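The values are calculated or read from the model by the stated rules, or taken from the named source; none is laboratory data. This structure is a prediction, so every number in the text was calculated from the model and none was measured. With ideal geometry, Cβ positions are generated from the backbone for all residues, glycine too; neighbour counts draw on all protein chains shown. Accessible surface is based on the protein model in full, side chains and every heavy atom, while ligands, DNA and RNA are left aside. Shrake-Rupley method; radii C 1.70, N 1.55, O 1.52, S 1.80 Å.
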Amino acid sequence: MSAVTSPLVWEHVQPAAARRLLTGAIDAFAERGFQATTTRDIASRAGMSPAALYVHYPSKERLLFEISRYGHQAALAVLADADSGSPAERLRAMVSAFTAWHAEHHTIARVVQYELAALTPEHFAEVAAIRRTISAQIEQVLADGVADGSFAVDDLPGTTLAVLSLSIDVARWYTPHRTKPESLGSLYADLALRMVQA
């Protein structure tokens with residue numbers, strides 16, 4: 001089982017009640033959005049009373065931050081693991097893995113990618129730093145491909161955004177019956193290479 005398809009591990013969240021609340025929040029935020037989700041929704045999914053949430057988390061926003069930080073770190077790790085070989089091999093592997101991760105983990109990815117505006121400025125800044133690292137990894141691969149003549153890219157930041165958007169948008173619409181995450185990753189890797197090859 002690869003890092004892309006393995007389930008996200010939440011054992012670092014202790015005690016078990018805090019972990020149940022966090023996974024309940026993921027489902028609730030993905031289904032209803034952060035603003036429409038109440039602490040009662042989250043607690044009921046965890047089989048607990050609404051008051052129990054505040055024993056483990058000071059706010060609903062803190063839950064979102066924990067989910068966002070961990071989800072971004074997991075997605076970054078998938079990119080880093082795929083970053084080896086020539087620029088073309090790296091881009092193919094990274095886009096394939098990043099896309100497949102967003103499909104395989106579409107519930108958390110939907111929360112991580114589309115609920116950022118609800119974070120406090122301090123929490124947003126911490127997550128934004130991880131997002132910049134993700135962008136920098138893709139931009140570096142593109143720059144390396146331009147340097148060795150295998151890629152033709154006039155606008156590195158714009159192309160980086162386009163490549164990442166392909167993968168990230170999967171979380172918005174993906175359902176398991178449509179296609180396998182690995183197949184989608186392979187398709188999007190081909191598309192990304194076509195976008196940039198000289």
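Assessment of segment 93-108 against the conditions (farther than 15 Å from Gly185 by Cβ and either part of a loop (DSSP other than H, G, I, E, B) or of a type in the set (Lys, Arg) (or both)) yields no matching residue.
In contact with a Leu (Cβ under 6 Å, 6 or more places away or on another chain) and surrounded by 14 or more Cβ atoms within 10 Å (Cβ to Cβ), is that true of Val141? Taking the combined requirement at face value, the residue satisfies it.
Scanning segment 144-176 for residues that are of a type in the set (Val, Ile, Thr) and either in contact with a Gly (Cβ under 8 Å, 6 or more places away or on another chain) or surrounded by 12 or more Cβ atoms within 10 Å (Cβ to Cβ) (or both) yields Val146, Val153, Thr159, Thr160, Val163, Ile168, Val170.
Could you tell me which of the residues Ala97, Ala82, Ala28 is under 25 Å from Ser183 (Cα atoms), surrounded by 21 or more Cβ atoms within 10 Å (Cβ to Cβ) and without any contact (Cβ under 8 Å) to a residue 40 or more places away in the chain? Talk me through it step by step, then tell me what you get.
Details: Ala97 fails: without any contact (Cβ under 8 Å) to a residue 40 or more places away in the chain; Ala28 fails: under 25 Å from Ser183 (Cα atoms).
Going through Ala97, Ala82, Ala28 in turn, just one is under 25 Å from Ser183 (Cα atoms), surrounded by 21 or more Cβ atoms within 10 Å (Cβ to Cβ) and without any contact (Cβ under 8 Å) to a residue 40 or more places away in the chain: Ala82.
Listed residues Ala136, Ala77; which is without any contact (Cβ under 8 Å) to a residue 40 or more places away in the chain and open to solvent by less than 60 Å² (accessible area, probe 1.4 Å)?
None of the others qualify; the one that does is Ala136.
Figure legend. Inter-residue proximity from segment 111-124: first residues under 9 Å from Ser68 (Cβ atoms), second residues crowded, with 16+ Cβ neighbours inside 10 Å and of a type in the set (Phe, Trp, Tyr), beta-carbon distance below 7 Å, spacing 6+ or different chains. Indicated pairs: Val111/Phe29; Glu115/Phe29; Glu115/Phe34; Leu116/Phe124; Leu119/Phe65; His123/Phe65. Considering segment 5-30, the residues that are within 18 Å of Ile108 (Cβ to Cβ), assigned to a loop (DSSP other than H, G, I, E, B) and not aliphatic (A, V, I, L, M) include one that is modelled with the highest pLDDT, namely His12.
Applying the condition of being of a type in the set (Ser, Thr, Tyr) and in a helix (DSSP H, G or I) to segment 31-71 and asking which residue is surrounded by the most Cβ atoms within 10 Å (Cβ to Cβ) yields Ser68.
The set of residues from segment 110-126 being open to solvent by less than 30 Å² (accessible area, probe 1.4 Å), under 19 Å from Ile42 (Cβ atoms) and in a helix (DSSP H, G or I) comprises Val111, Val112, Leu116, Ala118. Selection of first residues in segment 179-193 that are touching a residue at least 24 places away in the same chain (Cβ under 8 Å) and under 10 Å from Leu166 (Cβ atoms) and of second residues that are in a helix (DSSP H, G or I) and open to solvent by 20 Å² or more (accessible area, probe 1.4 Å), restricted to Cβ pairs under 8 Å at least 6 apart or on distinct chains, gives the following pairs, ordered by first then second residue: Tyr188/Ser96; Tyr188/Leu166; Ala189/Arg92; Ala189/Ala93; Ala189/Ser96; Leu191/Leu166; Ala192/Arg92; Ala192/Leu166.
Just so you know, in segment 153-167 the residues that are touching a residue at least 40 places away in the same chain (Cβ under 8 Å), in a helix (DSSP H, G or I) and aliphatic (A, V, I, L, M) include one that is farthest from Ala143 (Cα to Cα), and it is Leu166.
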